[in-house]
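A short reminder: the numbers here are calculations on the coordinates, not readings from a lab. All of these numbers come straight from a predicted model, not from anything done at the bench. Glycine also receives a Cβ, built like all others from the backbone with ideal geometry; neighbour counts cover every protein chain displayed.
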Amino acid sequence: MTGRRTPPQTIGPYFGYALPRPDGGRIAPTGHPETITVHGRVLDGQGEPVDDALLEFWQPAPDGSRTGAPGSLRREAVGGAAVGRDGVAFTGFGRVATGADGGYVLRTLRPGGVPYLSVCVLARGLLQHPSPGRT
Amino acid sequence: MTATDGPEPYTGALSRQPRNALVVVDDPDAVELTGPVFGTADVTEPDADLTRQHPGQPLGERITVTGRVQDRAGRPVRGQLVEIWQANAAGRYAHRRDQHDAPLDPNFTGAGRCLTDEQGRYRFTTIRPGAYPWGGNSRSWRPAHIHFSLFGTAFTQRLVTQMYFPGDPLLPLDPIWHAVRDAADRQRLVAAYDPELSVPGRSLGYRWDVVLDAGPR
Ligand SMILES: [Fe+2]
């Protein structure tokens, strides 16, 4: 027996103070010699930059494990400040808001066992379930 | 699909809509059948109480919003991240692109997060958000709503949506609520007032349960 899922709605224009976090696009441990940079721009159907998109990435670790690890969106325990990653754990998850030119940058390690990163694109006006695609 | 007498549903900018039909991924080895995990390093306890993130109390009607997150088979989604953001009691977001001429509240940011418990429950204390005008038409006001972001155990279960309040007279007029074309599905976005959940003398209780997709077949 399966129920119906809760329907998605547009993320709207105002998620910027709630969802992005420092170091969101820095999945690779600090200074890791095999760090790769994945970068690009989000454009709309008329070729205009989308400056209010949020990209989320999910991938296996280099050894192929898919368990992930906490710590993508760390907060300082006492004061609660968003402090970014610890630079040690490989969490497998990245979250990047686009800039004024629609650009994003992801620094990560090659996924083990598969030739792709899973991507979820969220932006104002997108009404579909944010179905992950692949790069 | 159910026919409605409601407003013309919001479709978003045409330039942002997909031109081709969505492709169903049916790969039992897909990475998206797993998903990111979060932990105590990512969420601190005061994050779930949006009324205690500043030195003073925010203005507005204090509410408790809680519910269960489960998948379509009824299994609880445990230990996963729930994030919310919302306008203040006057209908203003603490976001620099919000041009609505309503006051900011120095004691309210309007962003919260928590992890679901062993039963898949989440719980927030906040204030009821105000309505706000949108779309360049000064007579079009968004009903009170809280934006929700949820993760399941599979990345395909990722859900971003909005929660509404029961009995809001703006709901039948809201193009964004009507972007969900099915009337029964729309009701799934409306919380229920539940005095059992109210904290005596402190907050009004609302229940809103969430069902995430099951992932690829
Ligand atoms: Fe909103």
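Before moving on, here are some points about what is shown:
- With a 10 Å cut-off around each Cβ of B:23-33, the average count of Cβ atoms from other chains is 4.
- Taking the DSSP bridge list for chain B and keeping only pairs wholly inside it, about 75 percent are antiparallel.
- Calculated FRET value between B:Arg202 and B:Glu118, using beta carbons and R₀ = 25 Å, to 0.05: 0.50
- Each residue, B:Ser15 and B:Gln187, gets one label point 7 Å from its Cα in the Cβ direction; the gap between the two is 4.0 nm.
- Between A:Ser65 and B:Arg139, the simple label model (points 7 Å from Cα in the Cβ direction) yields a spacing of 6.1 nm.
- Global form of chain B, assessed from the alpha-carbon gyration tensor, a/c cut-off 1.5: oblate
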